[in-house]
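Notes follow the structure.
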Amino acid sequence: LKPFQTMDNAFPVAIGVAAVVGAAVYGYSKWNPKKPAPKAQDDITRMEKAFDGERAARDAMKGTTDVSLPIRVSAAALLAGDENQRRNLIQSLKKHGYAIIQMDDQTTLAAKNLENIAWKYFAQPDDVKDRNSGADRSNLGYIRVKGTREFIKLRPSDETRLWPNKEALPDFEQIYRDFYQRMFTLVWSAFRTLADSPGTGNSPLLNQNQIAAIEDFVREKSSVSMIHYYPQAEKESCVCEEHKDTGLLTAVFKTGVPSLQMWGK
């Protein structure tokens, strides 16, 4: 993920294929040692490499990186199984490495509600937020990165101590869960579209058993991160370096503030 290009306000979310897919599958075996890690690892990695290879070959032919915008995909139509939208999603990921999703009004409202409650959370004193620290659990709960950003990353199943105080923010959990469920449904639909797309010999990249095994892990480990980037003294200061995500898919909401992968005018 990195600052990518200027986008119109009509495009509120982007979904990208994570660069380090194997980490999530490796985590599956650690999470549930009674089940073997899904054999899908090789297929998912091959899928990711195929997408990267197609983009690299296309860029090499042009002699330059393609900076055109993907065709936007309707979230409602994608969830309804519209074949044109599924095709557009696959083509966008192959060509650009990410896709632009046009959200429905209810999901957009859920995102705005989460953004508003997140600002209330970050406005609290540091010692209050530190009570939600996930210091003993890597990259979960409240985390402050000196001089650049603070964020809270939560999964629905996380223990109570990682969640904001209910007396201070009584609506936080319900707002979070509403947004999480809407986004999980969308992102899982995007993954299923990828998994069902033709691989070698026109057979699906992943079979149903592989998909079911991955879904177990995804439902347990999917999370939502709310990130507050601190204002920087210098315009060109970097608050988040270019990096690779370790999940299967990442969805980034556009809020009109310069952010990861894209920003608004």
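The values are calculated or read from the model by the stated rules, or taken from the named source; none is laboratory data. It should be emphasised that the depicted structure is a prediction, and the values quoted were computed from it without experimental measurement. Because the Cβ atoms are built from the backbone with ideal geometry, glycine has one as well, and the counts that use them run over all protein chains shown. Heads up: the accessible areas ignore ligands, DNA and RNA and are worked out on the full protein's heavy atoms, side chains in. Shrake-Rupley method; radii C 1.70, N 1.55, O 1.52, S 1.80 Å.
Could you tell me whether any residue of the stretch 226-242 is open to solvent by less than 60 Å² (accessible area, probe 1.4 Å), touching a helix residue (DSSP H, G or I) at 6+ places or on another chain (Cβ under 6 Å) and either at pLDDT below 75 or in a helix (DSSP H, G or I) (or both)?
No: the stretch 226-242 contains no residue that is open to solvent by less than 60 Å² (accessible area, probe 1.4 Å), touching a helix residue (DSSP H, G or I) at 6+ places or on another chain (Cβ under 6 Å) and either at pLDDT below 75 or in a helix (DSSP H, G or I) (or both).
Looking at the stretch 72-96, which of its residues are touching a strand residue (DSSP E or B) at 6+ places or on another chain (Cβ under 8 Å) and β-branched (V, I, T)?
V73 - this is the single residue of the stretch 72-96 that is touching a strand residue (DSSP E or B) at 6+ places or on another chain (Cβ under 8 Å) and β-branched (V, I, T).
I'd like the residue in the stretch 150-193 that is without any contact (Cβ under 8 Å) to a residue 60 or more places away in the chain and among the hydrophobic types (A, V, I, L, M, F, W, C) and, out of all such residues, is nearest to P125 (Cα to Cα).
In this case the residue turns out to be A168.
Taking F217 as the residue in question, decide whether it is within 21 Å of I101 (Cα to Cα) and either small (G, A, S) or part of a helix (DSSP H, G or I) (or both).
Criteria not met by F217.
Would you be able to say whether some residue in the stretch 136-159 is open to solvent by less than 80 Å² (accessible area, probe 1.4 Å) and in a helix (DSSP H, G or I)?
Within the stretch 136-159, none of the residues are open to solvent by less than 80 Å² (accessible area, probe 1.4 Å) and in a helix (DSSP H, G or I).
Which one is surrounded by the most Cβ atoms within 10 Å (Cβ to Cβ), of the residues in the stretch 174-197 that are more than 12 Å from V224 (Cβ to Cβ) and touching a strand residue (DSSP E or B) at 6+ places or on another chain (Cβ under 9 Å)?
A190
For T160, only one of the following conditions fails: (1) modelled with pLDDT of 90 or more; (2) closer than 19 Å to S222 by Cα. What is its number?
So T160 meets the others, but not (1).
Can you confirm whether I211 is open to solvent by 70 Å² or more (accessible area, probe 1.4 Å), of a type in the set (A, V, I, L, M, F, W, C) and modelled with pLDDT of 85 or more?
no
So, in the stretch 73-119, exactly how many residues are touching a helix residue (DSSP H, G or I) at 6+ places or on another chain (Cβ under 8 Å) and either touching a residue at least 40 places away in the same chain (Cβ under 8 Å) or in a helix (DSSP H, G or I) (or both)?
Within the stretch 73-119, residues that are touching a helix residue (DSSP H, G or I) at 6+ places or on another chain (Cβ under 8 Å) and either touching a residue at least 40 places away in the same chain (Cβ under 8 Å) or in a helix (DSSP H, G or I) (or both) number 27.
Condition first: of a type in the set (A, V, I, L, M, F, W, C), modelled with pLDDT of 90 or more, under 18 Å from the mean Cα position of the chain (by Cα) and surrounded by 13 or more Cβ atoms within 10 Å (Cβ to Cβ). Can you find one or more residues in the stretch 115-125 that meet it?
yes
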